[in-house]
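All remarks here apply to the structure that follows.
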Amino acid sequence: MDNTFQCVVVAPPGKIIDCKVTSIVFPAHDGMVGVLCDHMPMFCELGLGMMEVEYVSENADKPQLNKALVVIDKGFALIAQNLATIVSNDAVSSIDLKKEKIEHMIERIEKKISAAAYPPDQQEHETRKVALFKNLLAVSVSNPLEIAGKS
């Protein structure tokens, strides 16, 4: 498939995504950034938000275009020479998403928020993160084939 580039998303657990994509939209610290093939080189700080990835599945007979969502929690993005490298403090992808894992993460964060384990600014950040996880969960449950890349 033409007009593709490589996208790698890395978080503390390891590589979250490493695939050929046609486009990505990710949360920068000051708004959303869209990237297509042959994008100019750039380096930017990430914010908290939902990243959208249109990736190409590697089917033997015919490549297929799929969508994935990734919750990104800060970090940095480097775009250069048709390679998008996203290094995040925390990232959770809808690819191979386990509903129970997301529900457990939401429960754990909500418990810490209610126990006042965070200072007020961190509570607000974690509350926004929980909302993103709930959105990811809702979208993947309502349309699991498209988001999981099996459409």
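The values are calculated or read from the model by the stated rules, or taken from the named source; none is laboratory data. Quick caveat: nothing in here was measured; it's all calculated off a predicted structure. So basically every Cβ, Gly included, is an ideal-geometry build from the backbone, and we count neighbours across all protein chains shown.
Here are the numbers:
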| read-out | value |
| --- | --- |
| Which listed residue, of ILE17, ILE72, ILE79, ILE95, is surrounded by 13 or more Cβ atoms within 10 Å (Cβ to Cβ), more than 19 Å from LYS134 (Cβ to Cβ) and under 12 Å from the mean Cα position of the chain (by Cα) | ILE17 |
| Residue check, SER57 among the hydroxyl-bearing types (Ser, Thr, Tyr) and surrounded by fewer than 17 Cβ atoms within 10 Å (Cβ to Cβ) | yes |
| Selection count, the stretch 1-60, where residues are free of Cβ contacts under 8 Å to residues at least 60 places away in the same chain and either of a type outside the set (Val, Ile, Thr) or closer than 16 Å to SER88 by Cβ (or both) | 38 |
| Which numbered condition MET51 fails, given (1) modelled with pLDDT of 95 or more; (2) loosely packed, with under 13 Cβ neighbours inside 10 Å | (2) |
| Count of residues meeting criterion [on the phi > 0 side of the Ramachandran plot and in contact (Cβ under 8 Å) with a residue 40 or more places away in the chain] in the stretch 81-118 | 3 |
